[in-house]
Amino acid sequence: MNNHIESAGPAFYTVTETARILRVGVSTLYRAIREGAFPAVRLRSRYVVPAIALEKLLAEVAETGGLVDPARMAAERRTAREVERLAGGASW
């Protein structure tokens, strides 16, 4: 087992943890996730937010100092996955 991953922090955050970090309501974040406006992974009936997606969002805010649209980030990720799939890349 790779202890480096465990010591680096969580790979995923719960929706409640993410909402607390972003200072938004949990129901607001769930709605954004279901509408595809915020990146998340669905595991059966549960959603988790990849730590790297949240870190990227926060880094972009710090870098630009302006408005950051997580829906755009999610759309770009979906497009990249679809292009990779069509090009014969990732099988899942």
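Residues within the reach of a label modelled at Arg34 (point 7 angstrom out along Cα to beta-carbon, backbone nitrogen below 14 Å), restricted to segment 45-88, are 45-47. With no solvent and one equal point scatterer per Cα, compute the Debye intensity ratio I(q)/I(0) for the chain at 0.25 Å⁻¹ and report its log10, rounded to two decimals. Each listed q corresponds, in turn, to -1.33.
Adding -39500 (n - 2.57) for every DSSP H run of four residues or longer, then dividing by how many residues the chain holds, sets the calculated 222 nm ellipticity at -17000 deg cm²/dmol. Note: relative contact order over the chain, using C-alpha pairs below 8 Å and six or more positions apart, is 24 percent.
Every number here is computed from the coordinates shown, using simple stated rules; none is lab data. Quantities reported herein were computed from a predicted structural model and do not represent experimental measurements. Don't worry about glycine lacking a Cβ; one is built from the backbone with ideal geometry, like all the others, and counts go over all protein chains shown.
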